[in-house]
Amino acid sequence: MAPAAPFSPPAADLPGKPAVAAWVPPPATKETHNFAELQSIDLAQMDSEDPAVVDRLVQQVKHAIREDGFLFLENYGISLEQLHRQFALAQYLYKNITAEDKERLLFHPEDGVWSGYKHPFGFKRQKGVPDGFEQFNWYKPDWEDQANRVPTCLHPFMDEIEAFCRYLSESVNRRLLTLFSRVLELPDDYLWDNVQSHGSPTGEGYFRHALFRPVGQETRDASKGLRMHGHTDFGLTTLLFSVPISCLQIWGQDKEWHYVPYKPGALVINIGDTLEIVSGGHFRATRHRVYRPPSDQLHEERLSLVMFNSSQGDLPMEPALVSPLIQRDGCVEDQGIYKEYRKRTTVGAPPTNRQWREIQIATCTDPTDQEHNRIGVHQTIVDGQIMHQREYMGMKVLLPV
């Protein structure tokens with residue numbers, strides 16, 4: 001395929017743009033225990049003229065997503081300077097968003113949509129226990145009506161933010177889906193053309209500016225250190241930029257939680273439920289959570305940029321049976337959500353991708369919710385391990401706490 005063009009964003013010093021303070025990455029933890037070892041994928045190798053190099057890359061990706069569902073992505077076309085500019089804009093948002101905009105743009109998660117501003121008081125519109133976690137999410141309507149649906153302080157910078165999201169979607173994620181299509185032995189653009197959503201800079205997915213502020217002991221006790229429950233993402237792929245504050249953890253094959261190490265400039269890629277089902281269970285949806293950082297980072301803020309890539313909403317959740325890999329090896333039916341999907345389809349039609357993501361958003365619970373987060377309600381014990389259990393549209397989801 002043709003070599004990918006590097007990211008070329010709009011200028012930061014155009015007339016009408018206020019000065020934005022640089023984002024200075026906080027210090028990385030000095031602790032070294034309990035960190036995961038993730039494979040790092042050099043996306044630039046896709047441009048190699050040597051077929052052997054490209055084939056090795058495909059095999060490397062195949063191993064990473066079948067074993068872990070998580071990988072690092074490097075050399076994807078965005079420089080460290082360009083990336084830090086985007087972090088600076090996110091930092092600018094949380095220093096300048098007004099109380100009026102917070103109220104005007106307050107999210108309605110009960111409708112099944114992560115759109116607008118999330119207050120630092122839990123995952124419901126009505127404020128609950130403080131969780132110190134703020135976010136602003138761009139969804140399709142927010143791109144279409146930026147004047148009314150985006151914080152006023154960011155209006156001068158929307159050319160940069162939109163260009164950044166389009167590059168992540170149309171260049172980075174498209175190349176990533178090309179690799180995944182090759183693992184499934186399908187044409188390069190199969191997943192991009194037939195599964196990935198389109199129609200906005202993020203399709204039907206989301207772009208997020210997130211800020212985790214330090215929380216007090218009362219909140220840490222109520223949540224048992226969790227900032228977000230152990231979960232899998234509902235979509236295709238998630239592109240999360242590596243940051244120095246170690247809060248993100250993945251569930252390892254040893255059935256333990258491991259921090260994801262900091263790799264400056266790298267993207268952390270995880271696999272969502274949709275891609276696990278599309279792959280017939282050959283790809284493993286990533287079990288991950290956000291947890292308190294190591295002790296030397298407890299009082300630091302964690303700024304985060306995330307792109308959630310979603311499939312077409314009206315598309316039924318089903319495997320790509322045209323895949324030669326699936327035709328030859330069958331489906332992997334003994335893991336994750338694919339096992340539950342197979343049970344569901346024996347008694348009725350599969351849910352659509354929109355139904356699957358919206359029911360999870362609408363029923364999301366808070367780590368501080370002590371009414372539901374206990375044995376016998378949303379938790380159970382399996383082989384001595386406390387598990388979070390939910391059921392969506394007849395499909396049971398069981399994930400480690």
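For this structure, a couple of remarks:
- In segment 88-130, the qualifying residues are those that are among the β-branched types (Val, Ile, Thr) and over 19 Å from the mean Cα position of the chain (by Cα), and the one that is surrounded by the fewest Cβ atoms within 10 Å (Cβ to Cβ) is Thr98.
- Test: residue in segment 238-247 that is assigned to a strand (DSSP E or B), over 13 Å from the mean Cα position of the chain (by Cα) and over 27 Å from Ser171 (Cα atoms): no
- Condition check for Thr363: touching a residue at least 12 places away in the same chain (Cβ under 8 Å), surrounded by fewer than 18 Cβ atoms within 10 Å (Cβ to Cβ) and hydroxyl-bearing (Ser, Thr, Tyr): yes
- One residue from Phe164, Phe133 being crowded, with 22+ Cβ neighbours inside 10 Å, over 30 Å from Ala4 (Cα atoms) and under 17 Å from the mean Cα position of the chain (by Cα): Phe133
- Looking at Ser197, Ser169, Ser181, just one residue is out of contact with any strand residue (DSSP E or B) (no Cβ under 9 Å at 6 or more places or on another chain) and crowded, with 21+ Cβ neighbours inside 10 Å, and that residue is Ser181.
- Pair list, Cβ under 7 Å, 6 or more apart: segment 260-278 residue surrounded by fewer than 24 Cβ atoms within 10 Å (Cβ to Cβ), other residue in a helix (DSSP H, G or I): Pro264/Leu80; Gly265/Leu80; Gly265/Leu83
- The lone exception for Ala64 - which of (1) hydrophobic (A, V, I, L, M, F, W, C); (2) within 29 Å of Ala163 (Cα to Cα); (3) touching a strand residue (DSSP E or B) at 6+ places or on another chain (Cβ under 9 Å) it fails: (2)
- Test for Glu185: is it under 27 Å from Leu303 (Cβ atoms) and of a type in the set (Asp, Glu): no
- Test: residue in segment 67-76 that is in a helix (DSSP H, G or I) and modelled with pLDDT under 95: yes
- Enumerated helices (runs of 4 or more DSSP H) restricted to segment 308-401, each holding at least 3 residues that are among the β-branched types (Val, Ile, Thr), modelled with pLDDT of 95 or more and farther than 28 Å from Ser181 by Cβ: none
- One residue stands out in segment 194-253 among those that are of a type in the set (D, E, K, R) and under 26 Å from Pro26 (Cβ atoms): the one that is modelled with the highest pLDDT, namely Arg208.
- Segment 56-72: number of residues that are touching a helix residue (DSSP H, G or I) at 6+ places or on another chain (Cβ under 9 Å) and surrounded by fewer than 15 Cβ atoms within 10 Å (Cβ to Cβ): 2
- With a requirement of 3 or more residues that are in contact with a Gly (Cβ under 8 Å, 6 or more places away or on another chain), the strands (runs of 3 or more DSSP E) lying completely within segment 249-295 that satisfy it span 288-291.
- A count restricted to segment 39-53 and to residues that are surrounded by fewer than 17 Cβ atoms within 10 Å (Cβ to Cβ), under 23 Å from Leu236 (Cα atoms) and of a type in the set (Val, Ile, Thr) stands at 0.
- Within segment 30-61, being under 23 Å from Pro261 (Cβ atoms) and part of a helix (DSSP H, G or I) holds for Leu43, Ala44, Gln45, Leu57, Gln60, Val61.
- Cβ-Cβ under 7 Å pairs, at least 6 apart or on other chains, segment 118-138 side at positive phi, far side part of a loop (DSSP other than H, G, I, E, B) and small (Gly, Ala, Ser): Gly122/Gly128
- So Thr32, is it surrounded by fewer than 16 Cβ atoms within 10 Å (Cβ to Cβ) and closer than 29 Å to Lys255 by Cβ: yes
- Residue within segment 371-381 that is of a type in the set (Asp, Glu), at positive phi and without any contact (Cβ under 8 Å) to a residue 60 or more places away in the chain present: no
- If the condition is being over 30 Å from Asp329 (Cα atoms), in a loop (DSSP other than H, G, I, E, B) and either of a type outside the set (Gly, Ala, Ser) or touching a Pro at 6+ places or on another chain (Cβ under 7 Å) (or both), then segment 185-218 contributes His198, Pro201, Thr202, Glu204, Arg213, Pro214, Val215.
- Selection count where residues are modelled with pLDDT under 95 and within 21 Å of Ile386 (Cα to Cα), scope segment 259-283: 0
- Residue check for Ala320: farther than 28 Å from Gln91 by Cα, crowded, with 24+ Cβ neighbours inside 10 Å, in contact (Cβ under 8 Å) with a residue 12 or more places away in the chain and among the small types (Gly, Ala, Ser): no
The values are calculated or read from the model by the stated rules, or taken from the named source; none is laboratory data. Worth saying up front: this structure is predicted, and the values here are computed from it rather than measured. Note: ideal-geometry Cβ built from the backbone for every residue, glycine included; neighbour counts use all protein chains shown.
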